[in-house]
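The values are calculated or read from the model by the stated rules, or taken from the named source; none is laboratory data. Every value quoted in this text rests on a predicted model; they were computed, and no experiment measured them. Glycine gets a Cβ as well: all are built from the backbone with ideal geometry, and neighbour counts include every protein chain shown. Just so you know, the surface numbers come from the protein's heavy atoms only, side chains and all, with ligands and any DNA or RNA stripped out. Shrake-Rupley method; radii C 1.70, N 1.55, O 1.52, S 1.80 Å.
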Amino acid sequence: MNAGTSDYRDSGLVFPEGFTFGSATASYQVEGAAQEDGRTPSIWDTFSKTPGKVWNGDTGDVATDHYHRLESDLDLMKDLGLGAYRFSIAWPRIQPQPSTGSGAGSAVNQAGIDFYSRLVDGLLERGIRPVATLYHWDLPQYLEDAGGWPMRATADAFERYAEVMGSALGDRVHTWTTLNEPWCSAYLGYGQGGHAPGRGEPAAALAAVHHLNLAHGRAVQALRATSTGDPDYSVTLNFHVLRGRGDGAAEAMRRIDGLANRAFTGPMLRGEYPVDLLEDTASVTDWSFVEDGDLATIAQPIDVLGVNYYSTATVRMWDGVSPRQQNDGHKASGDGTAWPGSDKAVEFVQQPGPYTAMGWNIAPEGLEELLLSLKAQFPDQPLMVTENGAAFDDVVADNGSVPDPERLDYLRRHFTAAHRAMEQGVDLRGYFVWSLLDNFEWGYGYAKRFGIVRVDFDSLERTVKDSGKWYALLAKTGVLPE
Ligand code: IFM
């Protein structure tokens, strides 16, 4: 027992009865079977097959082959003692073709529904709660061809998709999550261009922000109307925990907090866009895509707010002369910016280490700080850590085991941070480790491994890493292991 050390390396901490220990994945990152059972391309199929967009030309065509290994992956989750599994649904498996224009929306692909129905049933049979995300970035390509998230019609289509999923699985899903990290979808997809669909259009990125927010609100309404069970409703945001440097540090932090965090929490949890965000972006857009009634639609009550946290970011006002630093943790691509309206004002400076294999700094205190800050801002909103984890370059030992002490240490320190926040009154309901499996890490392909279970991408064989064994002990006992 080593409670209370300043480096967050505690053990013996007891998590409350009912605390959810889970793990997470996402459809395009693990499923494979990209052309099977009626699925059509998503923007990530198109993007990953565009030369130069993803390291090594990797694609999600096979990924971890989870689609075909469903039963054994479910058994693996049970062996790990998971209380919940957070997965996402591939929209192009459910509605593979554009609407015929009849007004009824796209035809539903029963094979797609059947796959997720088998997944949900398999989880329930094993005593694992299904936490289903509707959108983890795999937009049907036909919707992007019609303009994508900058278009209001995409939010309309999302509402119809949510109705389909609520009707199909709303009797059994424990928690519905509308969107995963809309920040990435909007700013990396349409502003910076390092994510699909790879567009570098700052005004389109802000329109995408709004239509993703609108899609969230519409989807909560649609899921509520169609789910016959008693699911919880949520959304997952990737919060930016900021540090400031130099003169004007507070201004730099305010600007980035507005774009990264409050652009989503404002409408979703307060029913308004922050005035300073509208001012900061006035040279990029007039926000005329926000229509009467949208904000009320977006601000649907949710049962739990999903929090993804990996590291902090350090910003300062750019002097306009020195080479502008862009260490915001996201693989740059082209001339686009993830920070419309502030790209000429703020720079992201290199942070102190240590770092993970992504180059992200390890800062467990940032998680404690984030959870406390969310409690201060939204006192009645229960929270769930829906992603936390680390990529490291794992080495397989001669005996076939995968010792990954750095990942284990990372997890220990972040669980300690979460526990400390709970001791200070944060209503944290659970924690999902990213990720269950090594998988397709977007622009980095298969080069970055986040799994607590190793996947050999030749044989597709799974091996539980030491961090996975450690996590299984935590999940089964509720006590932070030695
Ligand atoms: O792999 C991603 C995931 O899809 C979304 N959140 C961050 C993870 C690590 O980059």
*asked:* With a 1.4 Å probe and all protein chains left in place, how much accessible area per residue does region 319-389 have, in Å²?
replied: 42 Å²
_Sequence-distant residues sharing a close amide H with Q97 (under 5 Å, placed H)_ = A107
_Tensor-based shape of region 333-482 (alpha-carbon gyration tensor, a/c under 1.5 rounded, otherwise prolate or oblate)_ = oblate
*Read phi for every residue in region 273-279 and hand back ³J(HN,Hα) as whole Hz from Karplus 6.51 cos²θ - 1.76 cosθ + 1.60, θ = phi - 60°, with x for Gly and Pro.*
8, x, 4, 5, 5, 4, 5
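Taking Rh as the Kirkwood radius, which is the inverse of the mean 1/r over Cα pairs, what is the Rg/Rh value for region 70-166?
With Rg and the Kirkwood Rh in hand, the quotient comes to 1.05.
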_I want the local charge near A376. Using Cβ-Cβ distances under 15 Å, sum +1 for each Lys or Arg and -1 for each Asp or Glu among the other residues._
-2
*Which lysines have a Cα lying under 27 Å from the Cα of K78, excluding residues fewer than 8 positions away in the same chain?*
K448, K465, K469, K476
*Positive minus negative residues near D466 (Lys, Arg vs Asp, Glu; Cβ under 11 Å)*: 0
_Table column - 3J(HN,Hα) (Hz), region 316-326, Karplus curve with 6.51, -1.76, 1.60, x for Gly and Pro_ = 8, 5, 7, 7, x, 10, 5, x, 6, 7, 10
_Please list, ordered by chain and number, the residues whose modelled amide H lies under 5 Å from the amide H of N439; skip anything fewer than 5 residues away on the same chain._
F450, G451
*asked:* At 1.4 Å probe size, with the rest of the protein present, what percent of the exposed accessible area of the chain is carbon and sulfur atoms?
replied: 49 percent
*Between V433 and residues 5 or more places away or on another chain, which pairs have amide H atoms under 5 Å apart, with H built 1.01 Å from N, and which residues are they?*
G22, S23, A24
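Can you check what the Kirkwood hydrodynamic radius comes to for the chain, Cα pairs only, in Å to one decimal?
About 22.5 Å, per the Kirkwood formula over Cα pairs.
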*Could you tell me which of rounded, prolate or oblate describes region 212-296, using a ≥ b ≥ c as the square roots of the eigenvalues of the alpha-carbon gyration tensor, with rounded for a/c under 1.5 and, failing that, prolate when a/b is larger than b/c and oblate otherwise?*
oblate
*So what's the back-of-envelope 222 nm ellipticity for the chain, counting only DSSP H runs of four-plus at -39500 (n - 2.57) apiece and dividing by all residues, rounded to 500?*
-9500 deg cm²/dmol
*Per residue, what accessible area does region 78-160 have, given a 1.4 Å probe and all protein chains present, in Å²?*
34 Å²
_region 1-142 - charge dipole about Cα centre, Lys and Arg +1 at Cβ, Asp and Glu -1, debye rounded to 20_ = 320 debye
